[in-house]
Amino acid sequence: PCAINATRNLQEATMFPDPRSILITGASSGIGEALARHYAAPGVTLHLGGRNPERLEAVAQGCREAGAEVLTWTGEVTDAEGMRQWISQSDAHHPLNLVIANAGVALGSSRVGGLHRAAVDSFDVNVGGVFNTVHPALEVMSQRRPYPVGDAQVALMSSIMGYAGMARSPAYSSSKAAVKHYGQALRGAFRGTGIGVTVICPGYVGTPLVAGNRSPMPFLVPVDRAAQVIARGLARNKARITFPWQMVLLGRLVINLPNFLMDRLNQPWGVPRLENQPEP
């Protein structure tokens, strides 16, 4: 018991208020861009990854103007070897203090025939992409000495939709649930190493990801505000960062509902029902 309490206290007492070398995937837009701009400052090195070289360079230039050193990598988070090389090179340039596995997609289908592709592609990016980011990061971080490390942290981007399997987004909500659970497991697995692990579960954030969403988006948070909330939670080494507070309450309510109530409530809205669509 004493050893358990000691390692628990070590992790909970560890703070990460001032990361100086930060790697962010999906940094060319949305929350990733907002986080990059939030952290950009003199003395900070940003390693930014994204798929669109023009947008990524625009973000990088804005961060350089704020005084940060910025290095970019253009590629897909599904490229395991490319990601491993990028993270290794970034750490060699300046040992990474914070790695944010942010890149993700929101894919779905209103046709039964599209379910498989949406699910496979969602898990490839939202889950496989997270693996391809945090595993190499944890490998290089865990090799540091002295031990416990104390200057290294990873963050996994989940979603409030990952609190339960949602009928309106089977692929997205399930992939984000996998990330949420995996991040929680990693935090426990790395307890006592000095490496912080945090899961981020935003509600609706005003990003291009939701720009075409015709469904209700309650308690929408501006993207700059979302970056501030996330950065504050990461500095405190929180196990989970869920926001806004209204969505925290809703998420906790949903996961504790009796099954008969969940069956009644868990129906698609704002999109056609799958069973009403002809096979393609």
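The values are calculated or read from the model by the stated rules, or taken from the named source; none is laboratory data. Bear in mind the structure is a predicted one, so any value in this text is a computation, not a measurement. A quick note on method: Cβ atoms are made from the backbone with ideal geometry, for glycine too, and the neighbour counts reach across all protein chains shown. To get the accessible areas, we keep the full protein, side chains included, count just its heavy atoms, and leave off ligands, DNA and RNA. Shrake-Rupley method; radii C 1.70, N 1.55, O 1.52, S 1.80 Å.
Just need a number here: residues in segment 95-122 that are among the polar types (S, T, N, Q), more than 19 Å from Lys180 (Cα to Cα) and in contact with a Leu (Cβ under 7 Å, 6 or more places away or on another chain). Show your work before the answer.
Here is the first cut: in segment 95-122, the ones among the polar types (S, T, N, Q) are 97, 102, 109-110, 122.
Subset that is more than 19 Å from Lys180 (Cα to Cα): 97, 109-110.
Those still in the list that are in contact with a Leu (Cβ under 7 Å, 6 or more places away or on another chain) too: 109-110.
Residues meeting the conditions: 2.
Among residues of segment 240-260 that are without any contact (Cβ under 8 Å) to a residue 60 or more places away in the chain and closer than 17 Å to Ala227 by Cβ, those with a Cβ under 6 angstrom from a residue that is among the aromatic types (Phe, Trp, Tyr) and in a loop (DSSP other than H, G, I, E, B), sequence gap 6+ or separate chain, pair up as Pro244/Phe219.
Using the structure shown, decide if Val130 is among the β-branched types (Val, Ile, Thr), farther than 17 Å from Ala34 by Cα and open to solvent by 20 Å² or more (accessible area, probe 1.4 Å). Before the answer, list the steps.
Working: among the β-branched types (Val, Ile, Thr): yes; farther than 17 Å from Ala34 by Cα: yes; open to solvent by 20 Å² or more (accessible area, probe 1.4 Å): no.
Answer is no for this residue.
Scan segment 224-251 for residues that are touching a helix residue (DSSP H, G or I) at 6+ places or on another chain (Cβ under 8 Å), closer than 23 Å to Pro208 by Cα and open to solvent by 80 Å² or more (accessible area, probe 1.4 Å) and jot them down. Asp224, Gln228, listed by residue number.
Taking segment 63-100 as the search range and keeping residues that are of a type in the set (Val, Ile, Thr) and open to solvent by 50 Å² or more (accessible area, probe 1.4 Å), which one is nearest to Ala155 (Cα to Cα)? This residue is Thr78.
Which helices (runs of 4 or more DSSP H) does segment 198-280 wholly contain that include 3 or more residues that are modelled with pLDDT of 85 or more and within 30 Å of Gly150 (Cβ to Cβ)? Let's see the steps before the verdict.
Working: elements: 223-235, 245-255, 259-265.
Once the helices (runs of 4 or more DSSP H) in segment 198-280 are filtered for at least 3 residues that are modelled with pLDDT of 85 or more and within 30 Å of Gly150 (Cβ to Cβ), what remains is 223-235.
Are any of the residues in segment 196-215 charged (D, E, K, R) and open to solvent by less than 20 Å² (accessible area, probe 1.4 Å)? Among the residues of segment 196-215, not one is charged (D, E, K, R) and open to solvent by less than 20 Å² (accessible area, probe 1.4 Å), which makes the answer no.
When residues in segment 44-62 are screened for being free of Cβ contacts under 8 Å to residues at least 24 places away in the same chain, surrounded by 15 or more Cβ atoms within 10 Å (Cβ to Cβ) and out of contact with any Ser or Thr (no Cβ under 7 Å at 6 or more places or on another chain), 0 of them pass.
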